[in-house]
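Only one structure is covered here, and it is reproduced in the block below.
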Amino acid sequence: GNKIIQAKMVLLGDMGTGKTSLVLRFVKGQFHDYQESTIGAAFFTQVLSVNEATIKFDIWDTAGQERYHSLAPMYYRGAAAAVVVYDITSMDSFVRAKNWVLELQRQEKPNLIVFLVGNKADLEGKRQVGSQEGEDYAQENGLAFLETSAKTAQNVNELFYDIANQLAKI
Ligand code: GTP
């Protein structure tokens, strides 16, 4: 039969890496060159069907500014999936992403699906974080990995469908 899965998902990552833009691309098919910085967190829902399952995503798009860091546990607690986003044009954002991964690992939630996402893949000329570097770090830490662009939509649906497929398997 068709099973319905309600799943909480959280996006974490440095400010300006494109968390809101990825969600808006996925949920509304939109992209804004001047996306405003998120305050606190924003909430979205989206329904996806994969194989035998319908996944109802509750998506928490957290604010990347450091002053909101202490709020993050409220959003990743109880989450089935976490997407840690960095910007491929910013080595600092990659360092920050690794810190988010460490923080998630400290929660000891073996069933949490964690994706590492290198966003802004359209800005190849400004790249500071190599694809292989992201891929290697993900592999060493048991994370799924994708490079995306919220601007061109590269791998954005793939990201959410990959997560939906993993949730459907549980
Ligand atoms: P905070 O809310 O501050 O945590 O930021 P955020 O991670 O939600 O980033 P946001 O989506 O607000 O995007 C920041 C800026 O990067 C915006 O000006 C976006 O237009 C731009 N941006 C986001 N994704 C991409 C992308 O894939 N490519 C390019 N070129 N720009 C992007």
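What follows draws every value from the coordinates through simple rules; no lab data is involved. This structure is a prediction, so every number in the text was calculated from the model and none was measured. All Cβ positions, even for glycine, are placed from backbone atoms using ideal geometry, and neighbour counts span all protein chains on display.
With neighbours defined as other Cβ atoms within 10 Å of a residue's Cβ, the residues F44, F160 order from fewest to most as F44, F160. Could you work out which residue, out of I39, I55, I113, moves most in a Gaussian network model of the chain, that is, has the largest mean-square fluctuation with Cα springs under 10 Å? Per the Cα network of the chain with a 10 Å cutoff, I39 tops the list. Net charge dipole, segment 30-113: roughly 320 debye, given to the nearest 20, about the Cα centre with Cβ charges of +1 for Lys and Arg and -1 for Asp and Glu. Sorted on the mean count of surrounding Cβ atoms within 10 Å across their residues, most packed first, peptides 80-90, 4-14 read 80-90, 4-14.
If you take the alpha carbon atoms of segment 44-128 and fit the smallest convex hull around them, that volume is 123 Å³ per residue. With an 8 Å Cα cut-off and a minimum separation of 6 or more residues, compute the relative contact order for the chain in percent. Value for the chain: 27 percent. Take the Cα radius of gyration of segment 110-170 and divide it by 2.2 N^0.38 Å, N being the number of residues; the result is 1.19.
Among the listed pairs K3/K151; K19/K151; K98/K169; K8/K109; K8/K120; K109/K169, give every one whose C-alpha distance is greater than 23 Å. Flagged as over cut-off: K3/K151; K98/K169; K8/K120.
Sorted fewest first by neighbouring Cβ atoms within 10 angstrom, R67, R77 come out as R67, R77. Build a GNM of the chain with springs between Cα atoms under 10 Å: which of G142, G78, G125 gets the top mean-square fluctuation? It is G125.
As a ratio to 2.2 N^0.38 Å, the alpha-carbon radius of gyration for segment 1-68 is 1.25.
Across K120, K28, K98, mean-square fluctuation computed from a Gaussian network of the chain (C-alpha pairs under 10 Å connected) peaks at K28.
For the Cα trace of the chain, dividing Rg by the Kirkwood Rh returns an Rg/Rh value of 0.94. Between helix 156-169 and the chain there is an angle of about 40 degrees, using the helix long axis and the longest principal axis of the Cα atoms.
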